[in-house]
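**Student:** One structure follows; several queries about it will come next.
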Amino acid sequence: MDITEALLDSWDRQCRIVDAVMTRIDESNKHIKPSEDGWSLDKQLAHMHNTRKFFLKNIAPEFAAPLGKSYIDDEGTPVQNLEELKAMVRASGVAVREATAELLKTKGVVTVGFYDNPILYLQHMVWHEGWHVGLVFLALRLNGQEPPEEWEDEKVWGEWRTETWP
């Protein structure tokens, strides 16, 4: 696997983790928060999508253009249909991957938008999403809905680990 394939594979793994975490969010818990002043789970998803779209507009606007709006107003109220919101997150994940692959192919290691290199953009997205996935897990834990360790091992850590545990 060359460096480009490995980089894109890391994004694919991140998207599978986000997708798995989204299965833990439903109508009954989409409004729970990781803290009193934190964002609800549906707002975490809306923000992840919106962040992907915002940065795509700056590095590859043609990939951002078809993505939907995850907020219904200027106050940051998430789209109310949770399945629609999850579909947006999935679509923006694909757009990020496709844009990064295209930029690496056509621009190589040059400045794109806010970034000195497309790789830095993708690393920013992975870090950003890891932060929000952590907040989602915290909200679930604080509300008695933390996924079992076996689920996390398979759906989160299993995306990265190759070793076997006794």
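**Student:** From the list Arg52, Arg161, pick out the single residue that is assigned to a helix (DSSP H, G or I) and among the basic types (Lys, Arg). Break it down into steps so the answer makes sense when it comes.
**Tutor:** On the way: Arg161 fails: assigned to a helix (DSSP H, G or I).
Within the list Arg52, Arg161, the selection yields Arg52.
**Student:** Continuing with this model, one more query. Could you list, ordered by first residue, the pairs with Cβ atoms under 6 Å in which the first is in segment 145-166 and under 23 Å from Ser28 (Cβ atoms) and the second is part of a helix (DSSP H, G or I) and β-branched (Val, Ile, Thr), at least 6 apart or interchain?
**Tutor:** Partner pairs satisfying both residue conditions: Val156/Ile17.
**Student:** Can you confirm whether Val94 is within 14 Å of the chain's Cα centre (by Cα), assigned to a helix (DSSP H, G or I) and surrounded by fewer than 19 Cβ atoms within 10 Å (Cβ to Cβ)? Before the answer, list the steps.
**Tutor:** Details: within 14 Å of the chain's Cα centre (by Cα): yes; assigned to a helix (DSSP H, G or I): yes; surrounded by fewer than 19 Cβ atoms within 10 Å (Cβ to Cβ): yes.
For Val94, the condition - within 14 Å of the chain's Cα centre (by Cα), assigned to a helix (DSSP H, G or I) and surrounded by fewer than 19 Cβ atoms within 10 Å (Cβ to Cβ) - is met.
**Student:** Now for a separate question. So Asn50 clears everything in (1) touching a residue at least 24 places away in the same chain (Cβ under 8 Å); (2) polar (S, T, N, Q); (3) touching a strand residue (DSSP E or B) at 6+ places or on another chain (Cβ under 7 Å) except one condition, right? Which one?
**Tutor:** Result: Asn50 fails condition (1) only.
**Student:** Applying the selection to segment 17-42, what residues are in contact with a Gly (Cβ under 9 Å, 6 or more places away or on another chain) and either under 15 Å from Leu138 (Cβ atoms) or not aliphatic (A, V, I, L, M) (or both)?
**Tutor:** Those that are in contact with a Gly (Cβ under 9 Å, 6 or more places away or on another chain) and either under 15 Å from Leu138 (Cβ atoms) or not aliphatic (A, V, I, L, M) (or both): Asp19, Pro34, Trp39.
**Student:** Can I ask one more? With respect to Val89, is the statement that it is touching a residue at least 60 places away in the same chain (Cβ under 8 Å), assigned to a helix (DSSP H, G or I) and over 27 Å from Glu150 (Cβ atoms) true?
**Tutor:** Criteria not met by Val89.
**Student:** Further question: Since Leu8 meets every condition but one in (1) in a loop (DSSP other than H, G, I, E, B); (2) touching a residue at least 24 places away in the same chain (Cβ under 8 Å); (3) not acidic (Asp, Glu), which condition does it not meet?
**Tutor:** Tallying (1) in a loop (DSSP other than H, G, I, E, B); (2) touching a residue at least 24 places away in the same chain (Cβ under 8 Å); (3) not acidic (Asp, Glu), Leu8 fails exactly one: (1).
**Student:** Among what's in segment 151-161 and is loosely packed, with under 15 Cβ neighbours inside 10 Å and closer than 29 Å to Lys105 by Cα, pick the residue that is farthest from the chain's Cα centre (by Cα).
**Tutor:** That would be Arg161.
**Student:** Among the residues of segment 143-166, is any closer than 12 Å to Gln14 by Cα, at pLDDT below 95, basic (Lys, Arg) and out of contact with any His (no Cβ under 7 Å at 6 or more places or on another chain)?
**Tutor:** Kept after step one, since they are closer than 12 Å to Gln14 by Cα, are these residues of segment 143-166: 155-160.
If we keep only those that are at pLDDT below 95 too, we end up with 155-160.
From what's left, basic (Lys, Arg): 155.
After this cut, where a residue has to be out of contact with any His (no Cβ under 7 Å at 6 or more places or on another chain) as well, the list is 155.
Scanning segment 143-166, I find at least one residue that is closer than 12 Å to Gln14 by Cα, at pLDDT below 95, basic (Lys, Arg) and out of contact with any His (no Cβ under 7 Å at 6 or more places or on another chain), so the answer is yes.
**Student:** Give the residues of segment 131-150 that are of a type outside the set (A, V, I, L, M), surrounded by 14 or more Cβ atoms within 10 Å (Cβ to Cβ) and in a helix (DSSP H, G or I), sorted by residue number.
**Tutor:** His132, Phe137
The values are calculated or read from the model by the stated rules, or taken from the named source; none is laboratory data. Here the structure is a predicted model, which is why all the values come from computation and not from measurement. Positions of Cβ are backbone-derived with ideal geometry, glycine not excepted, and every protein chain shown enters the neighbour counts.
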